[in-house]
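Q: One structure is given below, represented as structure tokens, and several questions about it will come after.
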Amino acid sequence: MIRLRNIEKVYEQGVNKTYVLRRVDLDVREGEFVSIMGPSGAGKSTLLSILGLFDSAWTGEYHFWDAAVHRLGKKERAELHKRHIGFVFQSYHLLDHLTVYENLDVPLSYKDIKKAERQAMVADVLDRFQIVGKKDLYPNQLSGGQQQLVAVARAVISNPKLILADEPTGNLHSNQGREIMELFKRLNDEGTTIIQVTHSEQNAQFGHRVVQLADGWVVKE
Amino acid sequence: MGTVLQDARYALRVLWKNWGFTSVAVVALALGIGANTTIFSAFNALLLRPFNFTDPDSLVVLWERPPNTSTRNSVAPANLLSVREQSNSFSHLAMYNSNSLNLTEGDKPERLEVAAVSPTMFDALGVNAAVGRTFTAEEEQEGRDKVVILTHDFWRRRYATDPAIVNRQLMLNGQPYTVVGVMPEDFNFPPTSNDILIPFTVNDRVRGERGNHYVRVMGRLKPGVTQAQADAELAGIASRLEAQYPETNSNRTIATESLKASYVRGPRPGLLVLLGAACFVLLLACANVANLLLVRAASRQKEIAIRMALGAGRLRLIRQLLTESVLIALFGGALGLLFAVWGIDLITAGIPASLSRYLPGWKNVGIDVEVFWFTLVVSLLTGVVFGLAPALQATKTDFNEALKEGGRTSGGGGFGRNRLRGALVVAEVAISLTLLIGAGLMIKSFYEMLKVEPGFKAGSVLVMDVALPRAKYKEEAARVNFYTQAVERVAALPGVEAAGAVNILPLSRSNTDSAFSVVGRPRPEKGREPQANFRTVSPHYLEVMGIPLRRGRHIADTDRADSTNVILINEELARRHFADTDPIGQRLNFGGDKDSDNYEIIGVVGNIKHESLVEEEIKPEVYRPLAQEPWYSMSIVVRRNAGDPAQLAGAVQREIGSLDKEQPIYNVRTMERVVSESLAPQRVTMGMLGIFALIALVLASVGIYAVMSYTVSQRTHEIGVRMALGASPRDIRRMVVRQGMLLAFVGIGIGLIASYWLMQGLTVMLYEVSATDPLTFGLISLLLILVAFAANYIPARRATRVDPMVALRYE
Ligand SMILES: Nc1ncnc2c1ncn2[C@@H]1O[C@H](COP(=O)(O)OP(=O)(O)OP(=O)(O)O)[C@@H](O)[C@H]1O
Ligand SMILES: [Mg+2]
């Protein structure tokens, strides 16, 4: 499903070049559950946003199914992302002036889905995450953990083929964290491919394999 | 004081650092303040203080009129003399009227504008001569009345302010007059830009004249006497006169009007509309700058929070912020004063001398001390008005929140947080819509005026005035001879198609009418006779002017002094009095019992607009042959066969001048200019309103643009998130535009309602256009929608360029 070859990412600051990713090769098959680990600043989030097609300033080859991402324009990448990927941001990025319900509806509103169907999908997700009671609250009325829950809910709402999650349990109780992981496991069992960034060995256990990053290098698969 | 200076110094530094913002704000305010200064300078000079006489409130003018009407007629001199004898209400009563005299001195004759005034007028007004003296009471008597006072302008123009002019003799209409004095520079009464003043002579003819109402009267009420008391007394006198002189005084009363009110009637409605419009422009500018300040205050939240954390009181901070806004306003005021110089030039250039000479105070339209103070006060007030709300808002922030800054919050995105900003944009749109609609209505109305058929053809016609002196041309035959020859000679010039003469030109702002009756029908009651505009014309006048003959025949060379007295009537007179009989051959009487006092109707001619192109009621009008009723003053009209008639001017003047070397020929102008100048007040009002509306449109679109740009910059994070969640550029564009257009639509809605109500005030100025004209309302709304869309679209486009990678960069 995913084939990365020789991916390099550089930040140029004046004369200094900082390599964030170096010659990264990575293959992920459909239905896999991969965990990316590594120390802070290793380039995990950077890799994830390249996989998520947000970032286009890199070199190398990226094949997403039969699409050669490195040859696609901005518009096609956005289209590809919209069609297949759900993303959980490391810092949630909920919209402050929208309620939980409305936040969940945002990704659906940009797809060609009828209103009634959208309502059903939001209701279903609220139910699955047990946050029905919170649907009319604003993000700043939620705890950090609840916000993260909503962020995860928003990523899975449109049933993406691939879920990219950047420390989805960072702010959660271990209990809640486990629930998210179990949800991911269930989704994965149903066929969804999942790539997550995590610091926790426990969480990594839910996946099939671990990719270790250090200073931009893949050090262990 | 020290802290004020310190505030000011700090404020200057802040403004200098943000020079981009500062200059936009200063220019916006300058436009608003400049508009107000411009209109105020005209308003102050023309409406508030047209005259600078002492105790102006007790100065009045007197009118004669039929009872229970608002008609205002001039006064018959004998009636005024009766009032003078019988009334106790006035300390002074003076007669005055305007005419012209020919000054012969050296080799170039000059026609002078003359006011004939009762000597008591100077005391009534409380003015004295600048050089020499004013008239003495005896100088209104025949024989002692050959004295003259020069106005300051004429003194300077003709005699280079030579003080030795006093006691010199001037030859006026061939008679010697002694100069007794020169008036001060600011003297402007009667307000007809006179060259000289002479006494209004009271002789036996004047003492017996009750039938001709040709003098204007001004006076001063005695201390303690009200206008109502004076009116009551005048009514009593009028009814005694009615009993005594039923022939002339039936159905006439006399009443006062405040002197000022009688002279400001003309420019009043237009100036009020413009003043209102100027206030709107300033309000709009305030809203605009307030909005910019709000935007800036948001970016200064951290500075303010730190200052508060360091112990600055809220009042102190508000004062600091207000100092900034007042400084901006003062800069705006200074620049506005400059704009006003230009605006005043526009107004003064737009009003022709033929009109402005009737506007007292016209010479004082300009930037003087009062206008300067006005501008200063308005600027200070403005600074507080637009500065207060942003200052209050900025200092209200919870500094804990602001210090934290950044974080995961997505900035003030929705309406909730930006309610004040949104409200200001709505107000801006509403105000500019109102101004645009006002201007739109005026433009449409002006267009309607231009389409008016005046009943004559002005194109290719040149006109000029001649005033023969009474002494030299006492004989009717001499006048007939002069004008007949003048017209014949001019007509023979190459390039001239036809020439004619008339006593009073259409649209010339003067008129003469006369009561008449139809011979053979019962005479109407005295004072209730129908009136007709009275014209004396040469045989080809109607042809030159293109006024069509509908029935019968034209006046011909064969209509001479010794042949049957004949007359032409216009269609309106025929319609009113000969609806079911043929008027040709009928006779009209204009007073007198002899058979020759009855004039035989020989033809019916088309109606023309006389008072103005937009007059509502066409009056009955009659034309008499020049040969049978020669006036001293006539206008010569010349039609050129092709090309610009103005090029004939020199040749025509030479040809007429050769008839009498001492005879000035003046006021040479094309008839097209006469027509165009008759619309000057409407043109100036429309032009000013148009300029104001344009400024409003620009300010409003800048306002929308600034707020939407700011909103977009505030929403960068949100936009990034939405794009990451699948929003296409089109989705983003639509979201931003929708938010901006919502504000615009609310503003347009409010503006439409406000306009529907406010435009009623424009009704008196509109011609053939309803104050709620749906087409204008619709088109202007559409225009504003398009402009608002453009102002929204640019920030919306910018919003789509947000890079989610950058917007979502983790903290
Ligand atoms: N805009 C930027 N300019 C320069 N360097 C950057 C920029 N963004 C990220 N980096 C650098 O890239 C490297 C990788 O960052 P990344 O966010 O991918 O780390 P991470 O592995 O996700 O760390 P963490 O576990 O703390 O989230 C870091 O050293 C960071 O300093
Ligand atoms: Mg990271």
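Q: Please determine whether any residue of the range B:498-513 is over 23 Å from B:Asn607 (Cβ atoms), under 37 Å from the mean Cα position of the chain (by Cα) and part of a strand (DSSP E or B).
A: yes
Q: Sort through B:Val217, B:Val166, B:Val182 and tell me the only one that's of a type in the set (A, V, I, L, M), more than 21 Å from B:His92 (Cβ to Cβ) and crowded, with 19+ Cβ neighbours inside 10 Å. Even if it seems obvious, please write down each step before you answer.
A: On the way: B:Val217 fails: more than 21 Å from B:His92 (Cβ to Cβ); B:Val166 fails: crowded, with 19+ Cβ neighbours inside 10 Å.
From the options B:Val217, B:Val166, B:Val182, the qualifying one is B:Val182.
Q: Go through the range A:51-81 and give me each residue that's within 16 Å of ligand 2 (Cβ to nearest atom) and either within 10 Å of chain B (Cβ to nearest Cβ) or of a type in the set (Asp, Glu) (or both).
A: If we filter the range A:51-81 for residues that are within 16 Å of ligand 2 (Cβ to nearest atom), which is where we start, we get A:51-52, A:54-55.
Correct list: A:Gly52, A:Phe54, A:Asp55.
Q: Given the criteria within 14 Å of chain B (Cβ to nearest Cβ), within 16 Å of ligand 2 (Cβ to nearest atom) and closer than 22 Å to A:Gln90 by Cα, does A:Ser35 qualify? Give the steps one after another, and end with the answer.
A: Values: within 14 Å of chain B (Cβ to nearest Cβ): no; within 16 Å of ligand 2 (Cβ to nearest atom): yes; closer than 22 Å to A:Gln90 by Cα: yes.
Considered against the rule, which asks whether it is within 14 Å of chain B (Cβ to nearest Cβ), within 16 Å of ligand 2 (Cβ to nearest atom) and closer than 22 Å to A:Gln90 by Cα, A:Ser35 comes out as no.
Q: Then there's this: Which residues, counting only those in the range B:710-725, are touching a helix residue (DSSP H, G or I) at 6+ places or on another chain (Cβ under 6 Å) and either in a loop (DSSP other than H, G, I, E, B) or more than 7 Å from chain A (Cβ to nearest Cβ) (or both)? Write out each step before concluding.
A: Taking the range B:710-725 first, the residues touching a helix residue (DSSP H, G or I) at 6+ places or on another chain (Cβ under 6 Å) are B:710, B:712, B:716-717, B:719-720, B:723-725.
Correct list: B:Tyr710, B:Val712, B:Thr716, B:His717, B:Ile719, B:Gly720, B:Met723, B:Leu725.
Q: For B:Leu450, all conditions in the list (1) touching a Gly at 6+ places or on another chain (Cβ under 8 Å); (2) part of a helix (DSSP H, G or I) hold save one; what is the number of the exception?
A: Exception for B:Leu450: condition (1).
Q: With A:Ala151, A:Ala214, A:Ala204 as the choices, which residue is touching a residue at least 12 places away in the same chain (Cβ under 8 Å) and touching a Gly at 6+ places or on another chain (Cβ under 7 Å)?
A: Details: A:Ala151 fails: touching a Gly at 6+ places or on another chain (Cβ under 7 Å); A:Ala204 fails: touching a Gly at 6+ places or on another chain (Cβ under 7 Å).
None of the other options fit; the residue is A:Ala214.
Q: Would it be correct to say that A:Lys9 is at negative phi, more than 18 Å from the chain's Cα centre (by Cα), buried (at least 18 other Cβ atoms within 10 Å of the Cβ) and near ligand 1 (Cβ under 10 Å from one of its atoms)? Working first, answer last.
A: Numbers: at negative phi: yes; more than 18 Å from the chain's Cα centre (by Cα): yes; buried (at least 18 other Cβ atoms within 10 Å of the Cβ): yes; near ligand 1 (Cβ under 10 Å from one of its atoms): yes.
So A:Lys9 passes the test.
Q: Which residue, of B:Leu742, B:Leu758, B:Leu762, B:Leu752, is buried (at least 21 other Cβ atoms within 10 Å of the Cβ) and in a helix (DSSP H, G or I)? Let's see the steps before the verdict.
A: Working: B:Leu742 fails: buried (at least 21 other Cβ atoms within 10 Å of the Cβ); B:Leu758 fails: buried (at least 21 other Cβ atoms within 10 Å of the Cβ); B:Leu752 fails: buried (at least 21 other Cβ atoms within 10 Å of the Cβ).
Going through B:Leu742, B:Leu758, B:Leu762, B:Leu752 in turn, just one is buried (at least 21 other Cβ atoms within 10 Å of the Cβ) and in a helix (DSSP H, G or I): B:Leu762.
Q: Could I ask something else about it? Taking the stated definitions as given, is B:Met735 within 14 Å of another protein chain (Cβ to nearest Cβ), out of contact with any helix residue (DSSP H, G or I) (no Cβ under 7 Å at 6 or more places or on another chain) and of a type in the set (A, V, I, L, M, F, W, C)? Walk me through it before giving the result.
A: Working: within 14 Å of another protein chain (Cβ to nearest Cβ): yes; out of contact with any helix residue (DSSP H, G or I) (no Cβ under 7 Å at 6 or more places or on another chain): yes; of a type in the set (A, V, I, L, M, F, W, C): yes.
Considered against the rule, which asks whether it is within 14 Å of another protein chain (Cβ to nearest Cβ), out of contact with any helix residue (DSSP H, G or I) (no Cβ under 7 Å at 6 or more places or on another chain) and of a type in the set (A, V, I, L, M, F, W, C), B:Met735 comes out as yes.
Q: Checking the conditions here, which among A:Val24, A:Val88, A:Val28 is more than 27 Å from A:Gln147 (Cα to Cα), within 16 Å of ligand 2 (Cβ to nearest atom) and not polar (S, T, N, Q)?
A: Working: A:Val88 fails: more than 27 Å from A:Gln147 (Cα to Cα); A:Val28 fails: within 16 Å of ligand 2 (Cβ to nearest atom).
Just a single option satisfies the conditions, and that option is A:Val24.
Q: Turning to a different aspect of this structure: Sort through A:Ser56, A:Ser40 and tell me the only one that's within 12 Å of ligand 1 (Cβ to nearest atom) and of a type in the set (Gly, Ala, Ser). Outline the logic, then answer.
A: Values: A:Ser56 fails: within 12 Å of ligand 1 (Cβ to nearest atom).
Answer to the selection: A:Ser40.
Q: Then there's this: I need the full set of residues from the range B:187-208 which are of a type in the set (A, V, I, L, M, F, W, C) and either in a loop (DSSP other than H, G, I, E, B) or surrounded by fewer than 18 Cβ atoms within 10 Å (Cβ to Cβ) (or both), in order please.
A: Restricting attention to the range B:187-208, the residues satisfying the condition of being of a type in the set (A, V, I, L, M, F, W, C) are B:187, B:189, B:196-198, B:200, B:202, B:206.
Selection gives B:Phe187, B:Phe189, B:Phe200.
Q: Tell me which helices (runs of 4 or more DSSP H) are completely within the range B:1-101 and hold 2 or more residues being in contact with a Leu (Cβ under 7 Å, 6 or more places away or on another chain) and more than 30 Å from B:Asn188 (Cβ to Cβ), or say none if there are none. Full working, then the answer.
A: Working: elements: B:2-17, B:19-43, B:77-86.
Here the list reads B:2-17, B:19-43.
Q: To continue, here is another question. Before we move on, is B:Ser728 among the small types (Gly, Ala, Ser), without any contact (Cβ under 8 Å) to a residue 40 or more places away in the chain and either more than 30 Å from B:Leu782 (Cβ to Cβ) or more than 14 Å from every other protein chain (Cβ to nearest Cβ) (or both)?
A: Values: among the small types (Gly, Ala, Ser): yes; without any contact (Cβ under 8 Å) to a residue 40 or more places away in the chain: yes; either more than 30 Å from B:Leu782 (Cβ to Cβ) or more than 14 Å from every other protein chain (Cβ to nearest Cβ) (or both): no.
Against the criterion (among the small types (Gly, Ala, Ser), without any contact (Cβ under 8 Å) to a residue 40 or more places away in the chain and either more than 30 Å from B:Leu782 (Cβ to Cβ) or more than 14 Å from every other protein chain (Cβ to nearest Cβ) (or both)), B:Ser728 does not qualify.
Q: Going by what's in this entry, would A:Tyr101 be described as at positive phi, in contact (Cβ under 8 Å) with a residue 24 or more places away in the chain and out of contact with any strand residue (DSSP E or B) (no Cβ under 6 Å at 6 or more places or on another chain)?
A: Values: at positive phi: no; in contact (Cβ under 8 Å) with a residue 24 or more places away in the chain: yes; out of contact with any strand residue (DSSP E or B) (no Cβ under 6 Å at 6 or more places or on another chain): yes.
For A:Tyr101, the condition - at positive phi, in contact (Cβ under 8 Å) with a residue 24 or more places away in the chain and out of contact with any strand residue (DSSP E or B) (no Cβ under 6 Å at 6 or more places or on another chain) - is not met.
Q: Moving on to the next point. Looking only at residues that are buried (at least 16 other Cβ atoms within 10 Å of the Cβ) and either part of a helix (DSSP H, G or I) or not aromatic (Phe, Trp, Tyr) (or both) in the range A:201-211, which one is nearest to ligand 1 (Cβ to nearest atom)? If you could, list the steps in order and put the result at the bottom.
A: In the first step, residues of the range A:201-211 are kept if they are buried (at least 16 other Cβ atoms within 10 Å of the Cβ); the result is A:203-204, A:206-207, A:210-211.
So of that shortlist, the ones also either part of a helix (DSSP H, G or I) or not aromatic (Phe, Trp, Tyr) (or both) come out as A:203-204, A:207, A:210-211.
Values: A:Asn203: 14, A:Ala204: 14, A:Gly207: 17, A:Val210: 14, A:Val211: 12 Å.
Here the answer is A:Val211.
Residues are listed down the side, and each one gets a yes or a no for (1) aliphatic (A, V, I, L, M); (2) crowded, with 21+ Cβ neighbours inside 10 Å:
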position	(1), (2)
B:Arg560	no, no
B:Ile567	yes, yes
B:Glu572	no, no
B:Arg575	no, no
B:Asp582	no, no
B:Gly592	no, no
B:Tyr623	no, yes
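Q: Where the second residue is assigned to a loop (DSSP other than H, G, I, E, B) and more than 9 Å from ligand 1 (Cβ to nearest atom) and the first is in contact (Cβ under 8 Å) with a residue 12 or more places away in the chain and under 29 Å from A:Glu79 (Cα atoms) and lies in the range A:37-58, which pairs have Cβ atoms under 6 Å and are six or more apart or on separate chains?
A: If the second residue must be assigned to a loop (DSSP other than H, G, I, E, B) and more than 9 Å from ligand 1 (Cβ to nearest atom), the pairs left are A:Ile50/A:Trp58.
Q: Determine the pairs where a residue that is touching a residue at least 24 places away in the same chain (Cβ under 8 Å), located within the range B:570-586, has a partner that is part of a loop (DSSP other than H, G, I, E, B) and among the hydrophobic types (A, V, I, L, M, F, W, C) with Cβ atoms under 6 Å apart, the partner being 6 or more residues away or on another chain.
A: B:Glu572/B:Ile618
We did not get these values from a lab; they are worked out from the coordinates using the rules stated. Not measured: the values here are computed from a predicted model. All Cβ positions, even for glycine, are placed from backbone atoms using ideal geometry, and neighbour counts span all protein chains on display.
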